[in-house]
1. How about the range 38-52: which of its residues are open to solvent by 30 Å² or more (accessible area, probe 1.4 Å) and out of contact with any His (no Cβ under 7 Å at 6 or more places or on another chain)?
2. Only one of (1) surrounded by 19 or more Cβ atoms within 10 Å (Cβ to Cβ); (2) within 16 Å of ligand 2 (Cβ to nearest atom) fails for Leu93. Which number is that?
3. Considering every residue within the range 22-36, establish whether at least one is within 12 Å of ligand 1 (Cβ to nearest atom), open to solvent by less than 10 Å² (accessible area, probe 1.4 Å) and at negative phi.
4. Given the conditions (1) part of a helix (DSSP H, G or I); (2) in contact (Cβ under 8 Å) with a residue 40 or more places away in the chain, and given that Ala231 satisfies all but one, which numbered condition is not satisfied?
5. Here are the criteria: (1) in contact with a helix residue (DSSP H, G or I) (Cβ under 7 Å, 6 or more places away or on another chain); (2) open to solvent by less than 10 Å² (accessible area, probe 1.4 Å); (3) away from ligand 2 (no atom under 16 Å from the Cβ). Tell me which single one Leu73 does not satisfy.
6. Which condition number does Gly55 fail, the rest of (1) within 21 Å of the chain's Cα centre (by Cα); (2) open to solvent by 20 Å² or more (accessible area, probe 1.4 Å); (3) more than 16 Å from ligand 2 (Cβ to nearest atom); (4) among the small types (Gly, Ala, Ser) being met?
7. Just a yes or no: is a residue in the range 288-305 closer than 30 Å to Ala89 by Cβ and open to solvent by 50 Å² or more (accessible area, probe 1.4 Å)?
8. Checking the conditions here, which among Asn40, Asn31, Asn98, Asn36 is at pLDDT 95 or above and in contact with a strand residue (DSSP E or B) (Cβ under 8 Å, 6 or more places away or on another chain)?
Amino acid sequence: MKTILTGIRSNSVLTLGNYLGALLPMVRLSNEHSNNFNINIFVPDLHSIISDVDGSLQENIIRTIKYYLAAGLDINENVHIYRQSHVPAHSELCWILNCVATMGELNRMTQYKEKSEGKASCNVGIFDYPVLMAADILLYDATYIPLGEDQFQHIELTRDIAERFNHKFGDIFTVPAPTREQVAFMEVDEPIRIRDLQNPEKKMSKSTAAENSKIMLDDEPFKAAKKIMSATTDSFEDIQFDFETRPGISNLLYIEALVSNTPLSEVIAKWQGVSRYGDLKKEVANSVSEMLVSFQKRLAEISDEDVLKLLEDGEKYANHVANAKLLEVQTAFGLR
Ligand code: ATP
Ligand code: MG
């Protein structure tokens, strides 16, 4: 059985944009494939400590997993949830692969160049994390790794490392699918992009300071409804869907379609040409607050203990698989 591997960054509270653009698509992908793939969902906590830590990592890890469960992630015997730092083989293989990857390769990584640019000093983790990523992937013979475009270069690096290693030692690693095949497998037409409610030219981001710009998953539903009601639209006479010229109202139509699970074309057909913007806002506000009510209800039903139990099972599995792969690698190098 092939493996789909996905890392879920443990984060602060997420926005509606993160939910619709990242969480739900991942949950759907997993639910769709968990009968014929291993689905490895891991929290890359060793990657988290590359940037400043503020003492909230533990809390964020548990909450992030709860979010996936509340968003409808089905758990069956093929779905494994684990924390990277609870599977020591990740760090161990990372070191070994550091002796396979080259400085030249890592120096070429755009992410590293961007993150280190202009800084007097940056930690080695920022330079080396693509190798840890390669270890995350290769330990489990993962074929598909749903990631954004900004990470494609790292997938290609992982493939290069795996091929170089296999060439020397025999077929120990499964080489992940090339990025174009990954994209085809995920079958995403257009990535979802929810706009900022106050400045709809920009995307909604959790780090935006203005509270009215973003809906947070822990917003009280009535408060979220108010934010929708006060969203920036335009001063045209009627509702039209066009992100270029009318990003605000288009964003609301788009949110309505996603939140109420209705085809966008249907939502547009219903509202196009209508002059009462307030009616549309009321409908979207209603849909969003209903969505939050049911999401928050499901969230409240999941206890920390439920999450810890899932992690215990997942980490048992992950350690078993990862240690077996690590032993093959150690043996190849003569370390065992
Ligand atoms: P930050 O402001 O800290 O960058 P963010 O809201 O942009 O936070 P990220 O942590 O950068 O969130 O991204 C988490 C995931 O959410 C990514 O997969 C990203 O593509 C997705 N995402 C972020 N913002 C949106 C949005 N407005 N619409 C759809 N998806 C989004
Ligand atoms: Mg971002």
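The values are calculated or read from the model by the stated rules, or taken from the named source; none is laboratory data. It should be emphasised that the depicted structure is a prediction, and the values quoted were computed from it without experimental measurement. Virtual Cβ from ideal backbone geometry, glycine too; neighbours counted across all protein chains shown. The protein model used for the area step is the full one, side chains on, heavy atoms only, and it has no ligands, DNA or RNA in it. Shrake-Rupley method; radii C 1.70, N 1.55, O 1.52, S 1.80 Å.
1. Correct list: His47, Ile49, Ile50, Ser51, Asp52.
2. (2)
3. Yes: the range 22-36 contains one or more residues that are within 12 Å of ligand 1 (Cβ to nearest atom), open to solvent by less than 10 Å² (accessible area, probe 1.4 Å) and at negative phi.
4. The failed condition is (1).
5. Among (1) in contact with a helix residue (DSSP H, G or I) (Cβ under 7 Å, 6 or more places away or on another chain); (2) open to solvent by less than 10 Å² (accessible area, probe 1.4 Å); (3) away from ligand 2 (no atom under 16 Å from the Cβ), the lone unmet condition for Leu73 is (2).
6. The failed condition is (1).
7. Looking through the range 288-305, at least one residue is closer than 30 Å to Ala89 by Cβ and open to solvent by 50 Å² or more (accessible area, probe 1.4 Å).
8. The unique qualifying residue is Asn40.
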